[in-house]
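Participant: The structure is given below, and queries will be raised subsequently.
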Amino acid sequence: MSTSDVRVRFPPSPTGYLHIGGARTAIYNWLFARKHGGKMVLRIEDTDADRSTEDSIRGIIDGLEWLGLDWDEGPYFQSAYAAEHAAAAERLLAQGNAYKCFCSKEELEARREAAVKARADYRYAGTCRDLSPEEVASREAAGAPYVIRFKVPRGEGGVAFKDLVYGGIERSYNDIEDFVVVRSNGQPLYLLCNVVDDIRDRITHVIRGQDGLTNTPRQILLYRALDVEPPTFAHMPLTLDLNKAKISKRSHGEVVAVQFYREQGFIPWALVNFLVLLGWSPGDDREIFSPEELIEAFSLEGINKANSIFNYRKDDPKFFTDPKAININAHYLRTMPVAQLAELVKPVLEREGIWDAAYEGKKRQWFERTLEMTRERFHTLKDFATLGRAWFADDFTIDDKARQKNLLKHPQLMEWLPELADRLEALPIITPEEAERVARELAETHGVKPGIPVNGARAVITGQIKGPSMFEVFAHLDRDTVIRRLRQAPEYF
Ligand code: GLU
């Protein structure tokens with residue numbers, strides 16, 4: 001196989017939003033396809049019509065697009081191939097690889113209960129496996145409902161395959177019951193549809209969650225019966241929370257949805273970078289990768305067998321998600337080219353109604369410089385509209401600590417800050433050097449350290465307790481805004 005023959009798929013069931021676990025599966029598939037110059041197929045597995053929704057399909061596609069994970073084919077819809085799924089079941093029957101089973105639900109349930117009582121493993125006993133064709137025909141003619149079961153080979157031997165993550169795996173035939181491939185209502189089961197679709201889509205590598213591993217031996221039997229070489233399998237470890245429970249919406253809430261990260265002001269690639277590390281490592285201690293570096297470094301062999309930990313504490317208000325995710329996002333936010341950052345901050349300010357059209361034109365440079373001056377302390381794009389709000393709008397609030405420590409402790413600032421306004425107003429142009437000079441003069445006049453008026457000014461002008469040099473800020477922000485906010489200082493006492 002030449003490397004460009006690699007074909008992988010991302011086959012979500014559209015029964016909910018895009019979960020970070022699903023996104024991780026998509027990322028691993030995408031990286032593998034990109035690394036080998038192969039193709040990624042997007043297939044929406046919507047055979048469960050009752051649970052599949054349009055909203056979910058849209059949400060999954062939006063989420064993939066937002067993450068920057070492009071696919072080469074699809075979206076294909078599994079429901080469009082119902083005739084092929086049924087034909088495959090017919091073929092299995094015709095070849096003698098499957099049989100009609102007339103055992104009723106009640107009979108099966110009774111046998112299961114008996115097995116449980118006897119503390120034995122329950123497996124379908126093969127009651128209908130060897131019914132004569134006449135018997136089958138007469139039961140069918142009598143209208144008895146039936147399912148179609150796969151005829152698992154009996155006797156010695158089993159299914160052996162090499163999983164690229166978990167290594168050699170073997171299941172003996174005795175441990176695999178004759179599984180159902182078509183329900184009594186004629187609906188083929190997911191296990192079969194998934195194989196038929198992977199055959200049609202010429203999938204070479206199935207990269208999926210560890211929960212798929214229980215299906216693999218049965219699916220390999222289906223491939224064999226359909227005369228197709230099975231693909232290579234790679235199962236990824238689970239992602240667990242700190243209590244070793246699977247992460248889910250029910251127990252963890254929105255924090256498991258990709259959409260949540262978008263709303264929280266994540267940079268899409270930062271989320272990809274975080275998720276890829278949940279269960280994969282490059283074999284060295286690198287943690288930050290550009291797309292090119294990640295494609296280069298990625299290999300299925302680098303996926304860990306051990307389950308990965310999503311380090312999220314619901315009860316810790318300091319972190320709205322795994323702190324590592326936040327740190328990775330902050331890293332990108334602080335180091336990416338500022339012109340690129342500007343494009344990401346724009347929609348955030350727009351949503352808040354504090355975007356100024358002039359940032360596209362004559363104030364562009366000012367806008368980018370603002371991002372440069374403020375981003376050092378920020379973790380998410382949203383921070384520009386919250387912690388950084390004073391740079392773009394007048395309706396900001398003063399951080400409580402800043403108010404306590406840098407205003408209320410020094411009531412004289414009620415006079416000194418308006419006085420600083422006068423001194424700045426007297427300057428023809430406010431430069432950082434001139435601003436520093438007048439602030440120092442003011443402090444000297446009143447016999448205090450310059451830090452006192454300067455930090456007071458920071459509180460009333462930026463709302464924050466820390467930030468870039470205030471002398472730079474005096475010179476950078478709009479002159480009238482600086483003077484007005486200093487004059488308003490007494491209102492905060
Ligand atoms: N539709 C399945 C799911 O969302 C895909 C499983 C597979 O990758 O084979 O879990």
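No lab work stands behind these numbers, since they all come straight from the coordinates. Note that the coordinates shown come from a computational prediction; the quantities given were computed from them, not determined experimentally. Note that each Cβ is placed from the backbone with ideal geometry, even for glycine, and that neighbours are counted across all protein chains shown.
Participant: Taking residue 386 as the residue in question, decide whether it is of a type outside the set (Gly, Ala, Ser) and not in a helix (DSSP H, G or I). Break it down into steps so the answer makes sense when it comes.
Facilitator: Working: of a type outside the set (Gly, Ala, Ser): yes; not in a helix (DSSP H, G or I): yes.
In short, yes.
Participant: Only one of these is out of contact with any Cys (no Cβ under 6 Å at 6 or more places or on another chain) and closer than 30 Å to residue 280 by Cα: 167, 157, 143. Name it.
Facilitator: Working: 157 fails: closer than 30 Å to residue 280 by Cα; 143 fails: closer than 30 Å to residue 280 by Cα.
Step by step, each of 167, 157, 143 is checked, and only 167 is out of contact with any Cys (no Cβ under 6 Å at 6 or more places or on another chain) and closer than 30 Å to residue 280 by Cα.
Participant: Give the residues of region 192-214 that are near the ligand (Cβ under 10 Å from one of its atoms), crowded, with 18+ Cβ neighbours inside 10 Å and either outside any helix (DSSP H, G or I) or of a type outside the set (Asp, Glu) (or both), sorted by residue number.
Facilitator: Just the residues of region 192-214 that are near the ligand (Cβ under 10 Å from one of its atoms), to begin with: 193-195, 197-198, 203, 206-209, 211-212.
Narrowing the set further to residues that are crowded, with 18+ Cβ neighbours inside 10 Å leaves 193-195, 197-198, 203, 206-208.
Hits for region 192-214 are 193, 194, 195, 203, 206, 207, 208.
Participant: Criterion first (in a strand (DSSP E or B) and either surrounded by 21 or more Cβ atoms within 10 Å (Cβ to Cβ) or within 14 Å of the ligand (Cβ to nearest atom) (or both)) does residue 148 satisfy it?
Facilitator: Working: in a strand (DSSP E or B): yes; either surrounded by 21 or more Cβ atoms within 10 Å (Cβ to Cβ) or within 14 Å of the ligand (Cβ to nearest atom) (or both): yes.
When the stated conditions are applied, residue 148 passes them.
Participant: Which residue pairs have Cβ atoms under 9 Å apart, sit 6 or more places apart or on different chains, and have a first residue in region 8-30 that is within 18 Å of residue 68 (Cβ to Cβ) and a second that is of a type in the set (Phe, Trp, Tyr) and near the ligand (Cβ under 10 Å from one of its atoms)?
Facilitator: That search, which allows pairs on different chains as well, returns 22/10; 25/10; 26/10; 29/10; 30/10.
Participant: Any residue that is of a type in the set (Lys, Arg) and more than 10 Å from the ligand (Cβ to nearest atom) - is there at least one of those in region 8-15?
Facilitator: Residues of region 8-15 of a type in the set (Lys, Arg): 9.
When the remaining residues are screened for being more than 10 Å from the ligand (Cβ to nearest atom), the result is none.
No - not one qualifying residue is present in region 8-15.
Participant: Any idea how many residues of region 192-219 are closer than 18 Å to residue 153 by Cβ and in contact with a helix residue (DSSP H, G or I) (Cβ under 9 Å, 6 or more places away or on another chain)? Explain how you work it out, then say what you get.
Facilitator: First pass over region 192-219, keeping only residues closer than 18 Å to residue 153 by Cβ: 192, 195, 215-219.
If we keep only those that are in contact with a helix residue (DSSP H, G or I) (Cβ under 9 Å, 6 or more places away or on another chain) as well, we get 192, 195, 215, 217-219.
Residues meeting the conditions: 6.
Participant: Of the residues 431, 445, 374, which single one is of a type in the set (Val, Ile, Thr) and closer than 29 Å to residue 326 by Cβ?
Facilitator: On the way: 431 fails: closer than 29 Å to residue 326 by Cβ; 445 fails: closer than 29 Å to residue 326 by Cβ.
Going through 431, 445, 374 in turn, just one is of a type in the set (Val, Ile, Thr) and closer than 29 Å to residue 326 by Cβ: 374.
Participant: Moving on. Can you tell me which of 73, 65, 90, 84 is more than 19 Å from the chain's Cα centre (by Cα) and either without any contact (Cβ under 8 Å) to a residue 12 or more places away in the chain or on the phi > 0 side of the Ramachandran plot (or both)?
Facilitator: On the way: 73 fails: either without any contact (Cβ under 8 Å) to a residue 12 or more places away in the chain or on the phi > 0 side of the Ramachandran plot (or both); 65 fails: more than 19 Å from the chain's Cα centre (by Cα); 84 fails: either without any contact (Cβ under 8 Å) to a residue 12 or more places away in the chain or on the phi > 0 side of the Ramachandran plot (or both).
On inspection, the qualifying residue turns out to be 90.
Participant: Out of the residues in region 405-464 that are more than 18 Å from residue 492 (Cβ to Cβ) and among the hydroxyl-bearing types (Ser, Thr, Tyr), which is surrounded by the fewest Cβ atoms within 10 Å (Cβ to Cβ)?
Facilitator: 445
Participant: Out of 253, 283, 265, report the one residue that is exposed (fewer than 13 other Cβ atoms within 10 Å of the Cβ) and closer than 30 Å to residue 386 by Cα. Quick ask: steps written out before the conclusion?
Facilitator: Working: 283 fails: closer than 30 Å to residue 386 by Cα; 265 fails: exposed (fewer than 13 other Cβ atoms within 10 Å of the Cβ).
Among 253, 283, 265, only 253 is exposed (fewer than 13 other Cβ atoms within 10 Å of the Cβ) and closer than 30 Å to residue 386 by Cα.
Participant: Would you point out the residue of region 215-246, among those that are more than 14 Å from the ligand (Cβ to nearest atom) and within 22 Å of the chain's Cα centre (by Cα), that is nearest to residue 39 (Cα to Cα)? Don't jump to the end; show me each part of the working.
Facilitator: Our first condition is that a residue be more than 14 Å from the ligand (Cβ to nearest atom); within region 215-246, this holds for 221, 224-229, 237, 239-245.
Filter once more, keeping what is within 22 Å of the chain's Cα centre (by Cα): 237, 239-245.
Working: 237: 23, 239: 26, 240: 30, 241: 33, 242: 36, 243: 37, 244: 35, 245: 34 Å.
Here the residue is 237.
Participant: Just the residues that are assigned to a strand (DSSP E or B), in contact (Cβ under 8 Å) with a residue 12 or more places away in the chain and more than 17 Å from residue 92 (Cβ to Cβ), please, taken from region 168-191. Reasoning before the result, please.
Facilitator: Of region 168-191, the ones assigned to a strand (DSSP E or B) are 168-172, 180-182, 188.
Add one more test, that the residue is in contact (Cβ under 8 Å) with a residue 12 or more places away in the chain, and what stays is 169-172, 180-182, 188.
The answer is 169, 170, 171, 172.
Participant: I'm trying to understand the selection: among the residues of region 465-490, which are among the small types (Gly, Ala, Ser) and not in a helix (DSSP H, G or I)? If you could, list the steps in order and put the result at the bottom.
Facilitator: Let us first name the residues in region 465-490 that are among the small types (Gly, Ala, Ser), namely 467, 469, 475, 489.
Passing the criteria: 467, 469.
Participant: List pairs: first in region 194-217 and free of Cβ contacts under 8 Å to residues at least 60 places away in the same chain and under 14 Å from residue 161 (Cα atoms), second more than 7 Å from the ligand (Cβ to nearest atom) and part of a helix (DSSP H, G or I), Cβ under 6 Å, 6+ apart or cross-chain?
Facilitator: Cβ pairs passing all conditions: 215/191.
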